[in-house]
2 protein chains.
Amino acid sequence: MQLLKEKIRKEGKVVSNQILKVDAFLNHQIDPILMQEIGKEFAKRFRNAGITKIVTIESSGIAPAMMTALMMNVKAVFARKSKSLTLQHVYMAKVYSFTKQETNEIAIGQDHLAADDRVLIIDDFLANGQAALGLINVVEQAGATVAGIGIVIEKAFQEGGEKLRETGLHVESLAKITSLENGMVTFEEHAEVGGIKS
Amino acid sequence: MQLLKEKIRKEGKVVSNQILKVDAFLNHQIDPILMQEIGKEFAKRFRNAGITKIVTIESSGIAPAMMTALMMNVKAVFARKSKSLTLQHVYMAKVYSFTKQETNEIAIGQDHLAADDRVLIIDDFLANGQAALGLINVVEQAGATVAGIGIVIEKAFQEGGEKLRETGLHVESLAKITSLENGMVTFEEHAEVGGIKS
């Protein structure tokens, strides 16, 4: 997605070989116009997947998930992390964060996922895949189907993308970064036709 | 706002005299169409306030804040709570949560608030006002102006609304609940003309 890549080049900050800071438009400050375009793009890429619900995880997944939900005319639900849990009757999974070196429980209320739901999981980043795997686990506990995974920025040099695609899931990343070395963002090269990878 | 009130009556759950659960459409599952209408309504009510930025707090404020930002064509920034803080160079405040009986630090990166910003603070709930006061504190540290406060649901039987209005701030609540007694939601009665209180 060209607009997103330009935004990353212009406003992203490479902190290390592993870390890209996108606080300026994605996960602290939010550019709502960009977010709207992200929603449209996910809606386009998964238009034939029969999606009935968007699932994400607080906090940074909420903005892209909500915009995608709006464009697909379905509801979004965000998994809560343990600290904010006042929920009962939930589907729960453990998610280990390599960045924070801690395990969080994530949960979704049982009222908000049904066995006949076809779920599109949306998240801001895909790195080692732990958050996505936790969300898949939660969705499967409800007996629902994961019909796709939409990622805003994939760090393709980490193993999450491969892990998810190996399971046969349809994963779409709007920007796929192959390297952050030497303070530079390198994107995977693909011919793009109308924003969809050819 | 009529649509919101209907949604509260239909899908809200009165848990106690103090607690209304709106997990079905506002702070766990999100109804994106409702959220879009909420964004439009805030944009209308603050259209003459010269707003240049929306400020909220993770997680439940993000959806209404982003939709308001989209409708007002400005950026939104959400304050992070301490647990997720990997930010440097931040404006910070302490916020006490009566519900969770704990104090959180909230923070916004200094890059995302400027002295000439006119800020609209958006939040999902107003009860005792602690979160809003913390956000006001953060905005003022940047030298910026709080030009308004937009609340989705105000629990008018708690003291937050009065506390904020006493300071002279322009506070707008889309649904003002005067009581949750006997398991019933009672709204403040006001003649509404086109969604704006007359």
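The values are calculated or read from the model by the stated rules, or taken from the named source; none is laboratory data. Everything numeric in this text was worked out from a predicted model, so none of it was measured. Ideal geometry is used to build each Cβ from the backbone, glycine not excepted, and the neighbour counts take in all protein chains shown. Surface areas here come from the heavy atoms of the whole protein model, side chains and all, with no ligands, DNA or RNA. Shrake-Rupley method; radii C 1.70, N 1.55, O 1.52, S 1.80 Å.
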- To the nearest 20 debye, what charge dipole does the protein assembly as shown have about its Cα centre, counting +1 at the Cβ of each Lys and Arg and -1 at the Cβ of each Asp and Glu? 200
- Taking Cα centroids, how far is segment A:1-60 from segment B:9-36 in Å? 26
- Task: For a label point 7 Å from the Cα of A:Thr99 along Cα→C-beta, name the residues of segment A:41-82 whose backbone N is under 17 Å from it.
- Result: A:56-65, A:79-82
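With contacts defined as alpha carbon pairs under 8 Å and 6 or more residues apart, what's the relative contact order of segment A:104-187 in percent?
Reported relative contact order: 28 percent.
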- Item | Separation of alpha-carbon centers, segment B:140-188 and segment B:64-126, rounded to whole Å | 17
- Item | Label distances, nm, A:Ser97 versus same residue in remaining copies, Cβ-directed 7 Å point | 1.4
- Task: Determine the total buried accessible area between chain A and chain B, counting protein heavy atoms only with a 1.4 Å probe; round to the nearest 100 Å².
- Result: 3500
- Task: Order these peptides, A:162-169, B:137-144, by their mean beta-carbon neighbour count within 10 angstrom, highest first.
- Result: B:137-144, A:162-169
- Note on the structure: Of the listed links A:Lys81/B:Lys53; B:Lys10/B:Lys155; A:Lys100/B:Lys155, those spanning more than 26 angstrom between alpha carbons are A:Lys81/B:Lys53; A:Lys100/B:Lys155
- Which number comes out as Rg/Rh for segment B:90-168 once both Rg and the Kirkwood Rh are worked out on C-alpha atoms? 0.96
- Item | Averaged over B:67-76, number of beta-carbon atoms from partner chains that fall within 10 Å | 4
- Message: With +1 assigned to the C-beta of every Lys and Arg and -1 to the C-beta of every Asp and Glu, and no other charges, what is the dipole magnitude of segment A:131-180 about the Cα centre in debye, to the nearest 20?
- Response: 100
- Share of pairwise Cα separations in the protein assembly as shown, more than 32 Å, in percent: 31
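What is the antiparallel percent of DSSP beta bridges lying wholly in segment B:44-142, to the nearest 5?
Beta bridges within segment B:44-142, antiparallel portion: roughly 55 percent.
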- When the accessible area of each residue in segment B:88-112 is compared between its chain alone and the complete protein assembly (1.4 Å probe; ligands, DNA and RNA ignored), which residues differ by at least 40 Å², being lower in the assembly? B:Lys100, B:His112
- Query: Dipole size in debye (nearest 20) for chain A around its Cα centre, Lys and Arg Cβ +1, Asp and Glu Cβ -1?
  - Reply: 220
- Message: Given contacts defined as C-alpha pairs under 8 Å and at least six residues apart, what's the relative contact order of segment A:41-198, whole-number percent?
- Response: 19
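For chain B, what is the convex hull volume of its Cα atoms per residue in Å³? Before the final figure, lay out each step's value.
Numbers: hull volume 22.5 nm³, N = 198.
Spread over its residues, the Cα hull of chain B gives 114 Å³ apiece.
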- As straight-line cross-link partners of B:Lys75, the qualifying aspartates and glutamates (C-alpha separation under 16 Å, not fewer than 8 residues apart within one chain) are A:Glu11, A:Asp23, A:Asp31, A:Glu37, B:Glu58, B:Asp111, B:Asp116, B:Asp117, B:Asp123
- For the protein assembly as shown, dividing by residue count, accessible area per residue (probe 1.4 Å) in Å² works out to 42
- Message: Counting only helical runs of four or more DSSP H residues, what would the 222 nm mean residue ellipticity of the protein assembly as shown come to if each run contributes -39,500 (n - 2.57) and the total is spread over all its residues?
- Response: -8000 deg cm²/dmol
- Note on the structure: With all protein chains present, the protein assembly as shown has a carbon and sulfur share of its accessible area (1.4 Å probe) in percent of 47
- Message: Please compute the average number of Cβ atoms from other chains found within 10 Å of each residue's Cβ in peptide B:21-30.
- Response: 6
- Considering every residue in B:155-162, what mean count of other chain Cβ atoms within 10 Å of its Cβ is obtained? 0
